[in-house]
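What follows is one structure encoded as C-alpha cells, with my remarks underneath.
The values are calculated or read from the model by the stated rules, or taken from the named source; none is laboratory data. None of the values given here were measured: they were computed from a predicted structure. Every residue, glycine as well, gets a Cβ built from its backbone with ideal geometry; the counts of neighbours run over all protein chains shown. Side chains included, ligands, DNA and RNA excluded: accessible areas come from the protein's heavy atoms. Shrake-Rupley method; radii C 1.70, N 1.55, O 1.52, S 1.80 Å.
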Amino acid sequence: MESGSIVALITAVLTIVSVFLGKKYKKWLEKARLFAKLLDDIIEAAEDDKVTEEEFQNLVATTKQVIADVEKETAKEGVNR
C-alpha cells in the first residue's frame, strides 16, 4: 500500500471518529450545563436558609429538565440494546 493511500485511510477514519465524538461531546456538555444550573439553583436557595417561591419553582423546573433528559437517554439505551 502506498503512503498516500495510508494517509487517506487514516484521515477518513479520524474524520469519522471526530464526528462521532463531537456529537457525544456536545450532548455531554449540554447535560453538564443543565446539571450545573440545578446545582447553582440549589446553592442559591440554600445560602439564606429560606427558599422563596421563585427559587422553588426554578428548582422544580430544572429538576424536571434533568429527569426528562435522563429518562430520554435511558430510553435510547434500552432501544439500542
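What the table shows:
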quantity: Among (1) at pLDDT 85 or above; (2) more than 13 Å from the chain's Cα centre (by Cα) - the single one ARG33 does not satisfy; calculated: (2)
quantity: Candidates VAL51, VAL70 - the one that is at pLDDT below 85, part of a helix (DSSP H, G or I) and either surrounded by 10 or more Cβ atoms within 10 Å (Cβ to Cβ) or among the β-branched types (Val, Ile, Thr) (or both); calculated: VAL70
quantity: Pairs where the first residue, in region 6-32, is assigned to a helix (DSSP H, G or I) and the second is surrounded by 10 or more Cβ atoms within 10 Å (Cβ to Cβ), C-beta under 7 Å, 6+ apart; calculated: LYS31/ASP69
quantity: Every residue from region 18-48 that is under 17 Å from GLU73 (Cα atoms) and open to solvent by 90 Å² or more (accessible area, probe 1.4 Å); calculated: PHE20, LEU21, LYS23, LYS24, TYR25, LYS26, LYS27, TRP28, GLU30, ARG33, PHE35
quantity: ILE10 being modelled with pLDDT under 85, more than 22 Å from the chain's Cα centre (by Cα) and aliphatic (A, V, I, L, M); calculated: no
